[in-house]
Amino acid sequence: MSRKGFGSSGEEWCYHGGELVRMGDVRLSPATHALNYGTGVFEGIRAYWNESKGTLQVLKLREHYERFEKSCRILHIELPHSVDELCDITLEILKRNAPREDTYIRPLAYKGAEVVGVKLQLPPELSIYTVPMGNYVELTGLRCCISSWRRTPDNAIPARAKLTGSYINTALAVDAAHRAGYDEAIFLTHDGYVSEASAANIFLIRKGQLITPDVTADILEGITRDSVMELAAKELGMQTVERRVGRTELYAADEVFLTGTGFQIAPVTEIDDRPVGTGKIGPVAEKLQEMYFRAARGEWPEYEHWTVAVEVAHQAAR
Ligand SMILES: Cc1ncc(COP(=O)(O)O)c(C=O)c1O
């Protein structure tokens, strides 16, 4: 099953080369280092459209840029802006584009030099753009398989950093899963323990416990993962156990769900042709999904601090 892609019309404003420009006016050379060698770092941020308030609610903006900075450090990219400045630039782009729909924000820092040769001592470039984005995957129960592709180990290509090049690992796994008729792939670590999905972290419920692989399982330390742990603890009284997870624990689980900015909270109802629990969405995933969306859309006052509101005028500055 192929996944929906989301694109730009070229009219939108983006940040590129130190200024705000139209997407369609950006030109990149085929010799761009990051295009040849995968030497880039990125983020994925969601802004949810709140119809009743007429606002876009940008979810966990600062947290994403803090992680962006850490990923950049791993790739020796020195960003030209502080986290606060990056947040301000992003809000300015959203104000100009003024989308009245759910939107995805993609900051990208990369080695932009037009040189042949593998190295990292190159000046950084920064781009930030937005695209409209609805649900990236179905939220009514995914059919997953364990991938024969292993997750990249920390000492090879660190999954902790959101590096463009490491998404080859993801693409291989997802492509194989789709060709075999599954919706999504679940990675094991090199040692054979559960790591994460292609672009989402994984949680399971076993014996009443909420469990997720720990941060040494070659995962991206997801911001949604943190949000889910917070909601589970505060609202459901469930502390998450972060530990090593064996493959067949997934087969024995009562519930499994995936979390991510793109995936949101996506229940898994089948793994390797075995039903998860009852084969239907489980009660914990269902409650977390409902709470997550309420908080993310800025509809839950206690979680107001999760989002930044951007007032969207009816007329975009085009
Ligand atoms: C490999 C990978 N793991 C996990 C996640 C989930 O991270 P987050 O919740 O911060 O979006 C993502 C998505 O961005 C991802 O690409």
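Using only Cα atoms, figure out Rg for the range 227-269 and give it as a multiple of 2.2 N^0.38 Å.
Normalised Cα radius of gyration, the range 227-269: 1.26.
On C-alpha positions alone, give me the angle between the axis of helix 61-74 and the longest principal axis of the chain, in degrees, nearest 10.
It is inclined by approximately 80 degrees.
Taking only the alpha carbons of the range 142-281, what extent do you get along each of the three principal axes, in Å, biggest first?
39, 30, 27
Go through Phe257, Ser227, Phe187 and say which Cα lies farthest out towards the positive end of the charge dipole of the range 142-281; charges sit on Cβ, +1 for Lys and Arg, -1 for Asp and Glu.
Farthest along the dipole direction, towards plus: Phe187.
With a 1.4 Å probe and every protein chain left in place, work out the accessible area per residue of the chain in Å², rounded to a whole number.
45 Å²
So for the range 97-208, what percent of the C-alpha to C-alpha distances run longer than 16 Å?
71 percent
Checking a compactness column here: for the chain, what do you get for Rg(Cα) / (2.2 N^0.38 Å), N being the number of residues?
Compared with the compact-globule rule of thumb, the chain sits at 0.99.
The values are calculated or read from the model by the stated rules, or taken from the named source; none is laboratory data. Just so it is clear, the structure is predicted and the values come from calculations on it, not from any experiment. As a convention, Cβ positions derive from the backbone with ideal geometry for all residues, glycine included, and neighbour counts pool all protein chains shown. For the accessible areas, the whole protein counts, side chains as well, though only heavy atoms, and no ligand, DNA or RNA atoms are used. Shrake-Rupley method; radii C 1.70, N 1.55, O 1.52, S 1.80 Å.
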